[in-house]
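Here is the structure we will look at.
Just so it is clear, none of the values below were taken in a lab; they were calculated from the coordinates. All values derive from a computational prediction rather than experimental measurement. Note that we place each Cβ from the backbone using ideal geometry, even for glycine, and neighbour counts take in every protein chain shown.
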Amino acid sequence: MFDRLSAYAPQALAVLRIVAALLFLLHGTQKIFGFPPSEMSPSLFSLFGLAGIIEIIAGLMILAGFFTRPAAFVASGQMAVAYWMVHAPGSLYPTNNGGDAAILFCFVFLYIVFAGPGAWSVNKK
């Protein structure tokens, strides 16, 4: 039964890519545009502002499947840096420091670097 599911792997990968990109994009729009509303409003010329810009640009690229692997590589690296700079100093445990999402984003994007965009991408061959 599960062998038949393998035929849908490219579509499942695309769904993972699109959903992860949309969530990542929301983190960027929250930092840069204040949407969805948040108490965070970093300066554009700060590390958080740079993170927001990367989240918006890489998020849109990953969402569209446009230069997906390089964009996912940058996004994965940003999430690794975010975890160790922002979350880990509070506590090493992700459940205590709020870094669960950063770790998940890091490894989902790292997987996309190796797996590619899947179906429904701008750069589909």
Computed over segment 10-115: relative contact order in percent, which uses C-alpha pairs under 8 Å that are six or more apart: 24 percent
If packing is taken as the mean number of other Cβ atoms within 10 Å per residue, what is the order of 107-119, 50-62, highest first? 50-62, 107-119
At R0 = 22 Å, FRET efficiency that the Cβ-Cβ distance of Trp120 and Ile57 yields, to 0.05: 0.65
Taking R0 as 25 Å, what's the FRET efficiency between Asn96 and Leu26 from their Cβ-Cβ distance, rounded to 0.05? 0.60
Cut-off 15 Å (backbone N to label point 7 Å along Cα→Cβ of Ile103), residues of segment 76-90: 79-90
Angle check, please: helix 68-82 long axis (alpha carbons) against the longest principal axis of the chain (alpha carbons), in degrees 0 to 90, nearest 10. 30 degrees
Folded to 0 to 90 degrees: helix 9-33 orientation relative to the chain principal axis, Cα: 20 degrees
Please give the calculated 222 nm ellipticity per residue for the chain, where each DSSP H segment of at least 4 residues contributes -39500 (n - 2.57) and the sum is spread over every residue; nearest 500 deg cm²/dmol? -21000 deg cm²/dmol
